[in-house]
Amino acid sequence: MANNDLSKKNEDYLFRLKKELSKDDKIVPEKLDDVLKQTSTQLLEGQKQGKTAVQLFGTVSEYVLDIKDPKGASARRQRALQAARTSTVKQAQREDPMGGKNVFDFSFKTEFIDTTLTLAIMFSLFYAVSTLLSGTKQSAQAGLGVISILGISLITGALYTMIARYVSSNPKDGASKKPIWIKIVSVIAMIVVWLGAFLLMSLIPSTINIPLNPIALAAIAAILFAIYRWWKPKSGLPKGLLVIGPLSTNATLQYREKYGKGVKK
């Protein structure tokens, strides 16, 4: 069978294969001819099916290794396949860290717990550092204590989760898209409620709102972080902090892709 029946790319592949195999003194001319004929035949058959040489045999270097060590060929192919799959997964994660999930794929409770734990850790660390830098020994001097920190975390977590779900468009519901003015009003309302809650928390007397020093605040943050690390894998949520934001964005993007930008009624 003549090589000129092959495409230029396949001819080049065969030429480079011959060149590499010719460097090995252990491969006698008869074996070399047999390999080249067999490869040429398979290339031609694959060519008719639209398959490339690399798809059939791998790169020239990989194919040479297979010819020299047929027993190890399967293991090498498995490693190469696994590496390709891993690369594909990593690429997909870079393009969409949320794995195609959106805010409506999880319950309010799950997202609320994730958001509240994250905020409690962040607030505890922030107040620990700010109290330490300010030179005060007790966070109560700034109106901060156990109840205020936990209360603000719970209220903020609930409001943030509620608004993120409310202003997002559900890809499974064509009538879920809301006008922009409703979204703006909702966000403003959330901010007003949050500021009011923050003010009320700061008015709680220190006899009830137990004051905490920087060390205690840091310890609480560490305990909450340990709980968070234990709970996160069980939640099924994607990795990352405050993932409800990206999940909300994903919901809107998926809605637009499915229904377009118009408001559905």
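Label positions at residue 226 and residue 162, each projected 7 Å from the Cα along the C-beta direction, are separated by 3.3 nm. Overall, region 1-64 carries a charge dipole of about 180 debye about its Cα centre when +1 sits on the Cβ of Lys and Arg and -1 on the Cβ of Asp and Glu, all other atoms neutral. Length available on full extension from residue 207 to residue 189: 0.36 nm per residue minus the Cα-Cα distance, which gives 3.4 nm. Take every pair of alpha-carbon atoms less than 8 Å apart whose residues are at least six positions apart; their mean separation over the length of region 156-265 yields a relative contact order of 53 percent.
If the cut-off is 14 Å between C-alpha atoms, which aspartates and glutamates fall inside it for residue 258, apart from same-chain ones fewer than 8 positions away? Counting by Cα, and skipping residues close in sequence, residue 258 has these aspartates and glutamates nearby: 173. For the Cα trace of region 23-69, dividing Rg by the Kirkwood Rh returns an Rg/Rh value of 1.01. Projecting the Cα atoms of 174, 250, 225 onto the charge dipole of region 103-259 (Cβ charges, centred on the Cα centre) puts 174 farthest toward the positive pole. Translational diffusion of region 175-258, estimated by Stokes-Einstein from the Kirkwood radius over alpha carbon pairs at 4 °C in a medium of 1.567 mPa s, is 76 µm² per second. Taking θ as phi - 60° and the Karplus parameters 6.51, -1.76 and 1.60, the scalar couplings of region 48-63 work out to 5, 9, x, 9, 8, 4, 5, 5, 7, 10, x, 5, 4, 4, 5, 5 Hz in sequence order, x denoting glycine and proline. Considering the dipole of region 103-259 built from charges on the beta carbon (Lys and Arg +1, Asp and Glu -1) around the Cα centre, which of 134, 189, 213 is farthest to its positive end? Most positive-ward Cα: 189.
Please work out the Cα center distance from region 147-174 to region 203-246, rounded to the nearest Å. Cα centroid to Cα centroid, the span is 17 Å.
Cross-link partners for residue 18 among the aspartates and glutamates, with Cα-Cα distance under 13 Å and sequence neighbours closer than 8 places in the same chain left out: 30, 33, 34. Once both labels are positioned 7 Å from their Cα atoms along Cα-to-Cβ, the gap between residue 82 and residue 175 label points is 5.2 nm.
Only the coordinates and a few stated rules stand behind these numbers; no lab work does. In this text the structure is predicted, and so the values were computed from the model without any measurement. Because the Cβ atoms are built from the backbone with ideal geometry, glycine has one as well, and the counts that use them run over all protein chains shown.
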